[in-house]
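Below: one structure, written as structure tokens.
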Amino acid sequence: MTGKGFLSMLLGVFKRFVMTYVEDFRKGKKRYYTAEGIESRRKADVQGIFTIQYPEEKLPVPEEFRFLPFLVYEEGPNGEKDLRCTSCGICAKVCPPQCISIVRTNDPVTGKPVPQPKEFYIDVDICMNCGLCAEYCPFDAIKMDHDYELASYTRQGNIYDIERLSKPVSYYAGIRPTNYSAEEHARQEKEALKAAAKKPAATEGAG
Amino acid sequence: MSEEQVTVAQIPDISLQFEGRVVKDTRAGYSGFIVGAEHLLDVVQTLRDELGFDYLSSVTGVDYLPEGKMEVVYHLYRSIGGPALVFKVQVPRDEAVVPSLYHIFKSADWQEREAWDLMGIRFVGHPDLRRILTWEGFAGHPLRKDWKEPYFEEETKPYKSRWPEGITGYIEDNNPYHDNLQYPAGFDPETWIPQAEEALYASAQKIGRDKELHTDTVVVNLGPQHPSTHGVFRMVAALDGEQVVFLKPVVGYLHRNHEKIGERNTYLQNMPFTDRLDYVSSMSNNFGYALAVEKLMGIKPPERADYIRVMMAELTRWMNHVFSFGFLWNDLGSYFTPMIYALEERELILDIFEAVSGSRMMCNYFRFGGVARDLPEGVLNKVKELVFERMPRQLDAIDKMLSTNEIVRNRCIGCGVLTAEQAINNGASGPNLRASGVPYDIRRADPYSIYDRLDFDVVVHYHGDVYDRYLTRLDEARQSNRILQQVVRDIPEGPIMTGKPAYQVRVPAGEAYGRVEAPKGELGFYIVSTGKPNPWRYHVRAPSFINLTSLEDMCRGGKIADVVLNLGAIDIVLGEVDR
Ligand code: SF4
Ligand code: SF4
């Protein structure tokens, strides 16, 4: 019972305390409130306290970060919004808490379903941010957003409708560049394959 | 019994030994044996005393509604390792009475109470068969297949109302109470007296009464809202002076009937729900569930996926253990400064989880036959930096600060002792079991994934006190580090998924039990499939829940102040205890 162990713990705490200021001193003003400073505080060799001063500072989120889903639309030349969603219903089926509900559009003349959602709701109070909808949508039409600051005073209005959910492709490409370019690449390849498959068939038919 | 008779890897055909009392379970997709209810106690006693099956890991019920049968499923192991001996008892649904194994295996205590509470199976001979997860006035037994919740929509998801004519609205509007509540018939909350609660207090008061000095015991409620209980958790303790003479945990405050939700869900939909069990180590939960379903489906993930899985599971273990050191400090009264040190280390690992899975805590990263996505660029390098430099260094720092610290040693050594026999009998698992001198680690005892290829030691300590539990975790974190170093060194390139990703998986009829060595202990998933898109039965053997069985043994005879320490050293997460 010498108290040596206890002292060594205090020393450890003291060292941490000092290191925080040493780091502050070493990095100077750059340590706080700059992108570079934030980055340096999440490195594996960081020392001292590395708290992020939220909300003045925010951790940049990685590309795969998911919060709420949104619907992707292509922007037409005249600013019209062309949703990629075909209202196939897969996301509504795969959603674990069943918070997506979709009304399919029917052709007024024939009564047949048209690949376009009439209404699209997500109850974001119930959404568990699992990302399964985005993962299994076959048309890359629903994606997970990065925006996580969504506190509100009431629950009313937390059932998002199609207006609130829609976001342009450019936004999607902005937050998830790698995913976006990979998908575009896959799509182009598929189309090229299709075109290639068509050609010989056509010549054969002619022959 | 001589030693060479015990062969670990083989399950004896007990239907031969107990002819007439035990038959083989011959249903397609099922394994194990069916024991007649009237022979259960004999058979189990023999299995334990003569065949060395001394570790009752899981007890649960399955409601076979169409056949009018209720089945109790037991998973029995040898504490020296090897696969499970599975046996079942079948009784009629409306007369579901089974002899209790309480007096042979204490680990049956809480699990039988759970089966009574949720499935309405009565265990004769159980001394304390109260409801455990739901409250006393709860109407019915929720895991019975004909029980319906207040917001009942349909038996299984996906619900038909969502598409193509999607209806939407606030769910409570469908309910006459505007509330998620349902009372039994004739229930009046004004006049109702919670009898089981009264009985609990009465039994606490009874202990230690008529002694020579005629002192009374004091009954104290610790919790449910208390910073030391790590969540909403209550302990009813009877004190003789400062000494604990009686202690019963009361749980269920966070109960959400995870298993009922799981039976409504499709297989894939359960994956994100498992994250919410032990929310500190969601990757391990994913692992266990994926293993169970993969067993049923008969598929195996590709090599790279296996490496990624183990990497995530070991990062989780490391982080969980470091987190528990932070809590240990906290429970010792060193409020929150050291806790933040632990959180810092955890933060860096959560950064990795976030980058691969999209979420820091609710990872939802595993899929049947692989993982959701490959490691994004740069992640592997980050992991390398951590496992080769920072993690070993920080562990050494923690070791230095804690292990020789006089306060830690004085408080922890000799506190909350659990003997090896007690630990095995109580069904303790994980570091709690290994700190009591039982070298049982599922990664070695019944290897899964690629653990048989990895080089690591099973950590074991022998005193069974809080200090040894701490040491076990510390050494285990070191071993995790060792595993991680091998994994990042050897991880191969290749696909990360067997077959195509599908939102609706085909799971053949049958049963499966997948278990992993989660940071907290043995995490098992028992799944019964009928070939439909939703599991018929989905049961979680939660390590935190069953480890709590040992709490009274640890605390009895100790000081009231040490209760906090003992609870902390078991390392529970209430999300998993209450499910
Ligand atoms: S899965 Fe995709 S395309 Fe289908 S309804 Fe959902 S968002 Fe639309
Ligand atoms: S993120 Fe998950 S819970 Fe939320 S809408 Fe998509 S599938 Fe449903």
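Which value, in debye to the nearest 20, gives the size of the charge dipole of segment B:238-382 about its Cα centre, when Lys and Arg are +1 and Asp and Glu are -1 at the Cβ?
With only Lys, Arg, Asp and Glu charged at Cβ, the dipole is about 580 debye.
Once each part is reduced to its C-alpha centroid, what is the distance from segment B:100-173 to segment B:226-255 in angstrom?
24 Å
Only loop residues by DSSP count here, and only those with at most 12 other Cβ atoms within 10 Å; note down the trypsin sites (Lys or Arg not before Pro) in segment B:337-385 that meet that.
none
Count, for each residue of B:400-406, the Cβ atoms from other chains sitting within 10 Å of its Cβ, then give me the mean as a whole number.
6
Need one value for B:156-163: mean number of C-beta atoms belonging to other chains within 10 Å of its residues' C-beta atoms.
Mean shielding by partner chains, rounded to a whole number: 6.
Looking at segment B:2-124 only, what percent of DSSP beta bridges run antiparallel? Nearest 5 please.
Among the beta bridges of segment B:2-124, antiparallel pairing accounts for roughly 75 percent.
Only bridges with both residues in segment A:69-186 count here: give the DSSP antiparallel percent, nearest 5.
Looking only at bridges with both residues in segment A:69-186, the antiparallel portion is about 85 percent.
Debye calculation, C-alpha points only, no solvent: report log10 I(q)/I(0) for segment B:524-579 at q = 0.15 Å⁻¹, in the same order as the q values.
Debye intensities relative to I(0), on a log10 scale: -0.55.
Using Cα pairs closer than 8 Å and at least 6 residues apart in sequence, work out the relative contact order for chain B, in percent.
16 percent
Over segment A:3-132, calculate the relative contact order: mean separation of alpha carbon pairs under 8 Å at least 6 apart, over the residue count, as a percent.
It rounds to 16 percent for segment A:3-132.
Is the C-alpha gyration tensor of segment B:371-427 telling us rounded, prolate or oblate? Criteria: a/c under 1.5 is rounded; beyond that, a/b larger than b/c is prolate, otherwise oblate.
Taking the square roots of the gyration eigenvalues as a ≥ b ≥ c, segment B:371-427 is oblate.
At 1.4 Å probe radius, can you tell me the per residue accessible area of the protein assembly as shown in Å²?
43 Å²
What's the average, rounded to a whole number, of partner chain beta-carbon atoms within 10 Å of each residue's beta-carbon in B:375-386?
Per residue, the average neighbour count from other chains is 2.
Where the centre of each part is set by its Cα atoms, how far does segment B:301-319 sit from segment A:18-76, in angstrom?
Taking the Cα centre of each part, segment B:301-319 and segment A:18-76 sit 26 Å apart.
At a Cα cut-off below 27 Å, give the lysines reachable from residue B:400, other chains included and same-chain residues fewer than 8 away excluded.
Cross-link targets: A:4, A:15, A:43, B:382, B:384, B:520.
Once you put a point 7 Å from the Cα of residue B:19 and another 7 Å from the Cα of residue B:335, both along the Cβ direction, what distance in nm separates them?
So the label points at residue B:19 and residue B:335 sit 7.0 nm apart.
When DSSP beta bridges are limited to those with both residues in the protein assembly as shown, what percentage is antiparallel, rounded to the nearest 5?
90 percent
Measure out, as a whole number of angstrom, how far apart the alpha-carbon centroids of segment B:376-432 and segment A:80-119 sit.
First find each Cα centre; the distance between them is then 51 Å.
Could you calculate the FRET efficiency of residue A:36 with residue B:509 from 1/(1 + (r/R0)^6), where r is the beta carbon distance between them and R0 is 60 Å, rounded to 0.05?
That gives a FRET efficiency of 0.55.
By average Cβ neighbour count within 10 Å, what is the ranking of B:261-268, A:139-146 from highest down?
B:261-268, A:139-146
If I model a spin label at residue A:196 and residue B:67 as a point 7 Å from the Cα along the Cα→Cβ vector, what separation in nanometres do I get?
Modelled inter-label distance: 5.4 nm.
What is the diffusion coefficient of segment B:1-111 in µm²/s, taking the Kirkwood radius over Cα pairs and the Stokes-Einstein relation at 10 °C with a viscosity of 1.306 mPa s?
Translational diffusion coefficient: 110 µm²/s.
Given a 1.4 Å probe and heavy atoms of the protein chains only, how would you sort B:69, B:24, B:160, largest accessible area at the top?
Heavy-atom accessible area, descending, gives B:160, B:24, B:69.
Would you mind computing Rg(Cα) / (2.2 N^0.38 Å) for chain B, counting N as its residues?
Taking N as the residue count of chain B, the ratio is 0.96.
Test of understanding: express the Cα radius of gyration of segment A:1-59 as a ratio to 2.2 N^0.38 Å, with N the residue count.
1.40
Would you mind getting me the FRET efficiency between residue B:30 and residue B:202? Use the beta-carbon distance for r and R0 = 35 Å, nearest 0.05.
0.20
How would you order A:158-170, B:407-419 from highest to lowest mean count of nearby Cβ atoms within 10 Å?
B:407-419, A:158-170
In chain A, with Lys and Arg counted as +1 and Asp and Glu as -1 at Cβ, which of these residues, A:91, A:173, A:5, has the Cα nearest the positive end of the dipole, that is, farthest along it?
Going by the charge dipole, the pick is A:5.
How would you order B:54-63, B:91-100 from highest to lowest mean count of nearby Cβ atoms within 10 Å?
Averaged packing, sorted descending, gives the order B:54-63, B:91-100.
From the square roots a ≥ b ≥ c of the eigenvalues of the alpha-carbon gyration tensor of segment B:466-579, which class results: rounded (a/c under 1.5), prolate (a/b over b/c), or oblate?
oblate
Could you work out [θ]222 nm for the protein assembly as shown from helices alone, using -39500 (n - 2.57) per DSSP H run of at least four and dividing by all its residues? Round to the nearest 500 deg cm²/dmol.
Rounded to the nearest 500, the figure is -11000 deg cm²/dmol.
What are the extents of the Cα atoms of segment B:258-578 along their three principal axes, in Å, largest first?
57, 41, 31
Over segment B:1-104, what is the mean sequence separation of C-alpha contacts under 8 Å (at least six apart), divided by residue count, expressed as relative contact order in percent?
27 percent
For segment A:109-148, how big is the tail of P(r) above 13 Å, as a whole percent of Cα pairs?
Here the long-distance tail beyond 13 Å is 68 percent of all Cα pairs in segment A:109-148.
If the only charges are +1 at each Lys and Arg Cβ and -1 at each Asp and Glu Cβ, what is the size of the charge dipole of segment A:1-59 around the Cα centre, to the nearest 20 debye?
140 debye
With a point put 7 Å past each Cα toward its Cβ, work out how far residue A:161 is from residue B:500 in nm, to one decimal.
Rounded to a tenth, the inter-label distance reads 3.7 nm.
Using only the Cα atoms, work out Rg/Rh for segment A:69-186, with Rh taken as the Kirkwood radius, to two decimals.
0.97
Mind running the shape call on segment B:298-453? Use the C-alpha gyration tensor, a ≥ b ≥ c as the square roots of the eigenvalues: rounded below 1.5 for a/c, prolate if a/b tops b/c, oblate otherwise.
Oblate is the answer for segment B:298-453, as a/c is 1.5 or above yet b/c matches or exceeds a/b.
Working from the pairwise distances between different alpha carbons, so that the mean of 1/r is found and then inverted, what is the protein assembly as shown's Kirkwood radius in Å?
28.6 Å
The values are calculated or read from the model by the stated rules, or taken from the named source; none is laboratory data. Small disclaimer: the values here were computed from a predicted structure and weren't measured. Ideal geometry is used to build each Cβ from the backbone, glycine not excepted, and the neighbour counts take in all protein chains shown. Surface areas here come from the heavy atoms of the whole protein model, side chains and all, with no ligands, DNA or RNA. Shrake-Rupley method; radii C 1.70, N 1.55, O 1.52, S 1.80 Å.
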